[in-house]
Amino acid sequence: MSRFALLALVTILWLEMPGISQVPQPPGLISAIPMRHEGIQGRGCGDAVNEHSPCAPCTRLGENPGVALNTAANCGNLCIKLPAALTWDKVVLVAEAAEIVGPDSNPSPGTYRPCGGPDRPGPCDIGHIRYEMNQYYSQDHTLCGRFKNWATDKIRYVRITVCEKVNQNWFRDFLTFVQPINRPKKTEVIDGPAPIEQIGSPSRGGSTECG
């Protein structure tokens with residue numbers, strides 16, 4: 001056997017060895033996922049605030065907590081910048097909320113409870129707060145979960161975990177594509193930058209939250 005033929009045979013056998021990846025993974029595709037970020041959602045204000053109240057800053061007379069001069073729910077986003085290798089439609093956002101433990105001056109989260117479902121907006125189990133939708137900001141490749149808190153007597157902790165879709169469900173995706181136009185959108189795509197103060201420095205999330 002010639003030296004060239006021997007070299008070709010060794011190369012073929014090496015490529016067929018189990019456990020050797022012949023196609024490298026794109027950077028950031030697996031190692032950074034899942035990602036998690038948490039923050040505080042402020043309280044609503046006014047005497048008749050409810051889940052249908054508009055989102056607006058609370059105007060108060062005095063402090064701690066003062067007298068509310070308007071009726072509004074407190075709304076805000078938690079955002080995570082996605083790895084470059086992942087598009088927003090290839091990930092799932094899991095939303096959770098928790099009651100505050102300790103004083104407002106030094107709060108910490110209690111036990112996190114689910115809000116809606118993975119990529120499915122809905123009320124949070126702790127009550128008087130809801131996961132509204134996802135918002136994707138295309139300019140800086142950032143995915144946000146939007147929350148609405150209408151409890152007037154307490155702030156809440158909220159948390160999002162972003163997971164890579166593992167099992168694609170073409171039938172579910174098809175139903176989402178043809179859903180009636182009056183059904184709330186799961187993800188709003190915004191052609192612009194995300195508010196910088198809402199982008200977190202995410203920690204590594206746990207796989208159990210990915211469903």
Of the listed residues (G76, G46), the one being in contact (Cβ under 8 Å) with a residue 40 or more places away in the chain and touching a helix residue (DSSP H, G or I) at 6+ places or on another chain (Cβ under 8 Å) is G76
Screening E132, E188 for residues that are surrounded by 12 or more Cβ atoms within 10 Å (Cβ to Cβ), at pLDDT below 90 and assigned to a strand (DSSP E or B) leaves only E188
Given the conditions (1) over 14 Å from the mean Cα position of the chain (by Cα); (2) modelled with pLDDT of 90 or more, every one holds for L61 apart from (2)
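The values are calculated or read from the model by the stated rules, or taken from the named source; none is laboratory data. Just so we're clear, the structure is a prediction, and the values are computed from it rather than from any experiment. Quick reminder, even Gly has a Cβ in these numbers, built from the backbone with ideal geometry, and neighbours come from all protein chains shown.
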